[in-house]
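Heads up, the thing below is written out as structure tokens.
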Amino acid sequence: MKNNKTLKVIISLLVIFVIGGIFLTGYFVGKLTDNKLRLNINPDYIHKTELPELFESDLIKQVWSIINEDYVDIENIEKDELYYGALRGFVDGVGDPYTVFLDPPTTEEFEIQINGEFEGIGAEIAIRDGFTTVVSPIDSSPAERAGLEAGDKIISVDDEEVIGESIDSVARKIRGPRGTDVKLLIVRGDNEPMEIIITRDVIELKSVKWEYQDDQILYVELNAFGTDTMSLIQKMVNEVKNKPIKGMVLDMRNNPGGLLDSAINVSSLWLDGSVVVKEKFGDGTEELHVASTGTVFGDIPTVALINQGSASGAEIVAGALQDHGIAELIGKKTFGKGSVQVLKTLPDGSSVKVTVAKWLTPKDRVIDGEGINPDHEVEYTKEDVDNEVDPQLQKALDLLK
């Protein structure tokens, strides 16, 4: 097994799709239609619900009048920033870190992140305990090369404190063009704050890598659930279909999640028409997401690797394989990102990313805030990295043997 897998160590105490090349703004669940992400576009949302009486007041006009008449630097005010800032604060008042307002430029960047190549540092962030927290750095990204780890709390960006700011605000400060540096002040566990300087670069991520071992073990590294996932898996299947496979290792460590359809399709490689995940809505109704029929690896002994950086789609797959007794899980408890976001695009190009449901495993286990526990908890320490050993992977190989 290649040694660079040891770079995926998670040392932090605490530690979701998109593929965070620019430093993402949380986990997004989309559904694929003709291999494209379907965004919900409806300029008539306003007709669905009457505004509460509170919002019919002239208070916002009065506040604008005060700023317009009394603010000392009124000539420097950008009215667009005030307008979108008000909408951002409106949505932030919901109190859910994954329900956010995106202005038009941020919406455009978000869509680029989902479907293409982009520039940035390559990491996924989320709000955890009031802090901007790293979910996971992307494999071989500038963030990983610079030493950023899952669980790192970001205190400041380029000497500007970001505690209490929204995910999107922090993301805008972190991202930037290739070749430029960004300085992060982070706190790792109980240690003193430390600075990490990261040079931004073009992020190219293949969501699936694999290696057929001499001992007839197929090792599959699943980095994310993207638009390329199933085409790469099909390529892998064609490559190994005539080779004897005694066992499989599915490595989902530091996988922040991705497209729902992709996660279900991956689960279908082992599950034949079984429930993969349950989507529970606010009104109590549920939607069952079921694997397709005709498994590819259903008869092959499989173990899966998870850690604190495994989130959302990775937790869906891990929970399904565990509930159905298909695979034993090895590593550390997952992140616990089990809510569903949908992007609602507005007429001016802005959007609202809103939490619409929670994920439950086939056996009704709650993922959000709870995570998925491994069957075999195995540490992966800094000493292991220094010694170029991977005890989690070794445990998987031992189980298969």
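The values are calculated or read from the model by the stated rules, or taken from the named source; none is laboratory data. Being a predicted model, the structure only gives us computed values, none of them experimental. Cβ placement follows ideal geometry from the backbone for every residue including glycine, while neighbour counts extend to all protein chains displayed.
Looking at the stretch 334-353, can you tell me whether even one residue there is surrounded by 23 or more Cβ atoms within 10 Å (Cβ to Cβ), among the basic types (K, R), in contact with a strand residue (DSSP E or B) (Cβ under 9 Å, 6 or more places away or on another chain) and at pLDDT 95 or above? Within the stretch 334-353, none of the residues are surrounded by 23 or more Cβ atoms within 10 Å (Cβ to Cβ), among the basic types (K, R), in contact with a strand residue (DSSP E or B) (Cβ under 9 Å, 6 or more places away or on another chain) and at pLDDT 95 or above. Being under 24 Å from L397 (Cα atoms), in contact with a helix residue (DSSP H, G or I) (Cβ under 6 Å, 6 or more places away or on another chain) and crowded, with 17+ Cβ neighbours inside 10 Å is a description that does not apply to V277. Just a yes or no: is a residue in the stretch 101-110 under 23 Å from I306 (Cβ atoms), crowded, with 22+ Cβ neighbours inside 10 Å and of a type in the set (A, V, I, L, M, F, W, C)? Checked the stretch 101-110: no residue is under 23 Å from I306 (Cβ atoms), crowded, with 22+ Cβ neighbours inside 10 Å and of a type in the set (A, V, I, L, M, F, W, C). Taking the conditions exactly as written (in a helix (DSSP H, G or I), buried (at least 17 other Cβ atoms within 10 Å of the Cβ), over 18 Å from the mean Cα position of the chain (by Cα) and on the phi < 0 side of the Ramachandran plot), does I233 satisfy them or not? It is true that I233 is in a helix (DSSP H, G or I), buried (at least 17 other Cβ atoms within 10 Å of the Cβ), over 18 Å from the mean Cα position of the chain (by Cα) and on the phi < 0 side of the Ramachandran plot. Would you confirm whether or not the stretch 306-319 contains a residue that is farther than 30 Å from E144 by Cα and either surrounded by fewer than 21 Cβ atoms within 10 Å (Cβ to Cβ) or touching a Ser or Thr at 6+ places or on another chain (Cβ under 6 Å) (or both)? Checked the stretch 306-319: no residue is farther than 30 Å from E144 by Cα and either surrounded by fewer than 21 Cβ atoms within 10 Å (Cβ to Cβ) or touching a Ser or Thr at 6+ places or on another chain (Cβ under 6 Å) (or both). Which of (1) part of a strand (DSSP E or B); (2) in contact with a Leu (Cβ under 7 Å, 6 or more places away or on another chain) does P374 not meet, given it meets every other one? (1) is the only condition that P374 fails. Of all residues in the stretch 191-210, those satisfying the criterion of being assigned to a strand (DSSP E or B) and surrounded by fewer than 18 Cβ atoms within 10 Å (Cβ to Cβ) are M194, E195, I197, T199, V202, K209. Applying the criterion of being among the hydroxyl-bearing types (S, T, Y) and assigned to a strand (DSSP E or B) to the residues of the stretch 133-190, the residue that is surrounded by the fewest Cβ atoms within 10 Å (Cβ to Cβ) is S156. Only a single criterion out of (1) out of contact with any helix residue (DSSP H, G or I) (no Cβ under 7 Å at 6 or more places or on another chain); (2) surrounded by 13 or more Cβ atoms within 10 Å (Cβ to Cβ); (3) of a type outside the set (V, I, T) is not satisfied by D364, namely (2). Summed over the stretch 247-264, the residues that are farther than 25 Å from G151 by Cβ and more than 18 Å from the chain's Cα centre (by Cα) give a count of 2. Applying a threshold of 8 Å to beta carbon distances and a minimum spacing of six or more residues, or different chains, the list of pairs starting in the stretch 373-384 at a residue that is surrounded by fewer than 17 Cβ atoms within 10 Å (Cβ to Cβ) and ending at one that is in a loop (DSSP other than H, G, I, E, B) and among the charged types (D, E, K, R) reads N373/K333; E377/K332; E377/K333; E379/K332.
Looking across the stretch 247-271, not a single residue is over 21 Å from N373 (Cα atoms), charged (D, E, K, R) and modelled with pLDDT of 95 or more.
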